[in-house]
Structures are given as structure tokens and as C-alpha cells.
Amino acid sequence: MNFTKTTELASKYEHLEQMSVHTLLTNINKEDQTVPLAVAKALPQIEALVTEIVSKMKLGGRLFYIGAGTSGRLGIVDASECPPTFGVPFDLVIGIIAGGDAAIRKAVENAEDSTTQAWLDLQEWQINTNDVVIGIAASGTTPYVIKGLEKCNENGISTGCITCNAGSPLALTAQFPIEVVVGPEFVTGSSRMKAGTAQKLVLNMISTATMIQLGKVKGNKMVDMQLSNDKLVDRGTKMIMEELAIEYDLAKKLLLEYGSVRNAVTNYNP
């Protein structure tokens, strides 16, 4: 197979240790600006995967992210933000990292090299054919992720991936691959940088577009968000004020009574 890990190629920049802080930041920023352009080229692939996720969720399915290291952590971040943002159950979007939850904070040695653990981790959630599993790996070669998707394919479960190398083993395994080719990193091989940024942008797109398609946003507002702090209560109150043309105190009273912007607006009876 003709496959080059462009994420591992030498940086375009030399003698980083001799650069001033200003030059370092300027050059990192210059590289970062290329990432959204690389994501734009993958929009058709992202659209295909989101369409599949929406159709599966309408059947009662869930979305799983699996990954190792930075990729696994990014999946967990995106999954953990769906309940407070969109008011969905914690087990609708699920992030799984090689090595278990301990690996969120501290690298677990050899966890990404396991060829069996991903499927075992997924089975703990009674995964089924209504679900979708997205493997996240900048390199596109992580055994934990590839073997996890292979088992999903064998069991009739839809698979996608987010990777930053073209033609990788992971992309060839996934039914709905997303390849965002960002090229060499500023620090050679440090794929937490541009590759990590690209993965985060794609994850934002996947979860946000999916939730909007499932009716979790009205207009441009997070009408189902959880009221987990004062800032969100204030935001929700102002949404209701705007929607119903009422005073702040009444809007807040309705919000706290009905528990969400959507329910408050729906049940308001002047």
C-alpha cells in the first residue's frame, strides 16, 4: 500500500529553539490558519457521515467515539459537552479512550497497541446495529482504533473515522472516512497541534450538525441546554424574554419552573 504519514514528516521550520517567542507564535499561527482550509476539502466526507449518524439516531442509535491519546481525549470532550449543550442523555454520545478513564489525564503505556480492547470496551455498552462508531486517529494507524472498527464492520455496525493522513489503514477500514490532511506539524510529529485542531473542528461539526438535525436547536438557540450554572440560567432567561416579549423576572420564573427554554416557551399561557 502506498501510504505516507504526512503528519510525521519533518517540520518546514528549522532551529525552533533559536526563535523568539514572537516568531514562534507567529509561525504556529501561520500553520494553524491552514487547518480550516484542509477541513473544507473534507466537507463531502463529513456530510456523508453526519447523514448516517442522523438516520441511525432516529432509529434509537447512539454515537461512539474511540481513540487513543489526544484523539481519544478530544472524542471524550465532544461527547461530554453534548448533554449540557443539547439536553440529551449522557449515553447518547459516548467517548471511549484506549486505557480507560485513567488515560484521560495520564498516558497508559501500550494501550493504543491493543488489537482486542476496543471491541471489549464497546461491548460494555451493549453496542448494536443502530449505533455508529467513529474511530479518531491522526496517524490513521492506531491498532486499538483500526481493530475496533474492523469488529464493528463484521457485526453490521456503521463506522466512520477522522484521520489526518490520506489513504491510511484506518480510512480504508471505515465505511465513512474523513481525511483532513494538514501536513507536517510545526514541531515534527506533534499531532496534538494542527491534527488535533482539525479533529476538534470536525467533531464540533459532527455533533452540532447532528443535534440540529434532531431538533435540539430552535432558530439558532440551545433551547434544550441544561441549566447547570448561573450563566446558563441567565442565557436561557434572555432567550425566553426575546421569544415571548416578557420581563426578565417572569422569564426566569418560567425557566426554573419548566426546566428548559423549550418547555417554558411551549407552556407559557399569559
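The values are calculated or read from the model by the stated rules, or taken from the named source; none is laboratory data. Note that the structure is a prediction, hence the values are computed from the model and not measured. Virtual Cβ from ideal backbone geometry, glycine too; neighbours counted across all protein chains shown. Protein only, heavy atoms only, side chains kept; ligands, DNA and RNA dropped before computing areas. Shrake-Rupley method; radii C 1.70, N 1.55, O 1.52, S 1.80 Å.
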Could you list, in sequence order, all residues of region 243-261 that are free of Cβ contacts under 8 Å to residues at least 60 places away in the same chain and closer than 16 Å to Asp224 by Cα?
Glu243, Ala251, Lys252, Leu254, Leu255, Leu256, Glu257, Tyr258, Gly259, Val261
Identify all residues within region 169-223 that are among the aromatic types (Phe, Trp, Tyr) and either in contact with a strand residue (DSSP E or B) (Cβ under 9 Å, 6 or more places away or on another chain) or closer than 20 Å to Val145 by Cα (or both); write none if there are none.
Phe176
Of the residues in region 119-138, how many are more than 19 Å from Ile206 (Cβ to Cβ) and either in contact with a strand residue (DSSP E or B) (Cβ under 7 Å, 6 or more places away or on another chain) or assigned to a loop (DSSP other than H, G, I, E, B) (or both)?
5
Quick test for you: out of Thr159, Thr237, Thr163, Thr208, pick the one residue that is under 30 Å from Ile28 (Cβ atoms), of a type in the set (S, T, N, Q) and open to solvent by less than 50 Å² (accessible area, probe 1.4 Å).
Thr163
Any residue that is within 12 Å of Phe64 (Cβ to Cβ), part of a strand (DSSP E or B), at pLDDT 95 or above and out of contact with any Cys (no Cβ under 6 Å at 6 or more places or on another chain) - is there at least one of those in region 145-153?
no
Cβ pairs under 8 Å, 6+ apart, first in region 212-238 and without any contact (Cβ under 8 Å) to a residue 40 or more places away in the chain and over 12 Å from Pro84 (Cβ atoms), second outside any loop (DSSP other than H, G, I, E, B) and charged (D, E, K, R):
Val233/Lys252; Thr237/Lys252
The lone condition Ile28 fails out of (1) part of a helix (DSSP H, G or I); (2) at pLDDT below 95 is (2)
Go through (1) closer than 23 Å to Ala118 by Cα; (2) part of a loop (DSSP other than H, G, I, E, B); (3) in contact with a Phe, Trp or Tyr (Cβ under 6 Å, 6 or more places away or on another chain); (4) not basic (Lys, Arg) and name the single condition Gly160 misses.
(2)
Considering Val21, Val93, which residue is farther than 17 Å from Thr163 by Cβ and out of contact with any Cys (no Cβ under 6 Å at 6 or more places or on another chain)?
Val21
One residue from Ser228, Ser190 being part of a loop (DSSP other than H, G, I, E, B) and open to solvent by 30 Å² or more (accessible area, probe 1.4 Å)
Ser228
Just one of Thr70, Thr141 is assigned to a loop (DSSP other than H, G, I, E, B), touching a residue at least 12 places away in the same chain (Cβ under 8 Å) and hydroxyl-bearing (Ser, Thr, Tyr); which is it?
Thr141
Which count do you get for residues in region 4-22 that are open to solvent by less than 50 Å² (accessible area, probe 1.4 Å) and either closer than 28 Å to Ala174 by Cα or assigned to a helix (DSSP H, G or I) (or both)?
3
Any chance you could count how many residues in region 213-225 are in contact with a Phe, Trp or Tyr (Cβ under 9 Å, 6 or more places away or on another chain) and open to solvent by 30 Å² or more (accessible area, probe 1.4 Å)?
4
Hey, Ala171 at pLDDT below 95, within 23 Å of Lys200 (Cβ to Cβ), not acidic (Asp, Glu) and not in a loop (DSSP other than H, G, I, E, B) or not
no
Output the number of residues of region 106-118 satisfying the condition of being modelled with pLDDT of 90 or more and not in a helix (DSSP H, G or I).
3
Could you go through region 37-46 and let me know if any residue there is in a helix (DSSP H, G or I), surrounded by fewer than 19 Cβ atoms within 10 Å (Cβ to Cβ) and touching a strand residue (DSSP E or B) at 6+ places or on another chain (Cβ under 6 Å).
no
